[in-house]
1. Is it fair to say SER137 is of a type in the set (Gly, Ala, Ser), out of contact with any Asp or Glu (no Cβ under 8 Å at 6 or more places or on another chain), more than 18 Å from GLN53 (Cα to Cα) and in contact (Cβ under 8 Å) with a residue 60 or more places away in the chain?
2. If the requirement is being buried (at least 22 other Cβ atoms within 10 Å of the Cβ), within 20 Å of the chain's Cα centre (by Cα) and among the small types (Gly, Ala, Ser), which of these qualifies: ALA86, ALA55?
3. Scan region 114-131 residue by residue and report those that are assigned to a helix (DSSP H, G or I) and not hydroxyl-bearing (Ser, Thr, Tyr).
4. Just checking, does region 72-93 include any residue being of a type in the set (S, T, N, Q), closer than 22 Å to PHE144 by Cα and in contact (Cβ under 8 Å) with a residue 12 or more places away in the chain?
5. Surrounded by 14 or more Cβ atoms within 10 Å (Cβ to Cβ), at pLDDT below 90, out of contact with any Pro (no Cβ under 6 Å at 6 or more places or on another chain) and farther than 16 Å from ASN75 by Cβ - does that describe any residue in region 99-122?
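The values are calculated or read from the model by the stated rules, or taken from the named source; none is laboratory data. Since this is a predicted model, take the numbers as computed values, not measurements. Please note: Cβ atoms are built from the backbone with ideal geometry, for glycine as well, and neighbour counts cover all protein chains shown.
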Amino acid sequence: MSLTTPTWSRTRRRAARTVAALAVGAALLTGCAQTPGTAAVVDGRTITEATLQEATAELGTLIPQGIPTQQVLINLIAAPFLLDAAAAAGAGVSEAEAVQLAEQLAAQAGLAETPELGDGSLTVLRSTLAQQKLTQSPDAAEVFASFEEELTNADVELSPRYGSFDLTAPGGIVAPERPWIDAR
């Protein structure tokens, strides 16, 4: 068959249309997808998958029964709001206090030394301490109500892998539907 025959021209046009349609489809899908490696975006602040996984692993060494990834994620989402509320209420928490808590947890877990912790783990520990301090505060109800309102109004987008953000749901995250997994 010659490259100049009508059949070859139709084939080339069809192939060109197919490639163009695929390129447009890929561009549209890319526009809807989150950046790879992103666990969540909160008011423009990115929580990376690496930070989430690192914090989950590090905190898992300090807490012998482990800690679910979703629990770490909701803590990383809420931490800035909670830490700001705690600081405004006079119950701020320093990184040194978080390190001290990590040392206590390591001793309770029977670890010879406290593992090196990344920013994500320290943030979760700081927010845990802030929550404890705020609970002792006489105006705890007001502070927590304000914190919850700010968190509810935040623009939170989770990676589809983790589900969707919903403070009315237990744990604040609704797990993604996976109809292909049968629990029987």
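1. No: the conditions fail for SER137.
2. Every option except ALA55 fails the conditions.
3. Across region 114-131, the qualifying residues are ASP119, GLY120, LEU122, VAL124, LEU125, ARG126, LEU129, ALA130, GLN131.
4. yes
5. No, there is no match, as no residue in region 99-122 is surrounded by 14 or more Cβ atoms within 10 Å (Cβ to Cβ), at pLDDT below 90, out of contact with any Pro (no Cβ under 6 Å at 6 or more places or on another chain) and farther than 16 Å from ASN75 by Cβ.
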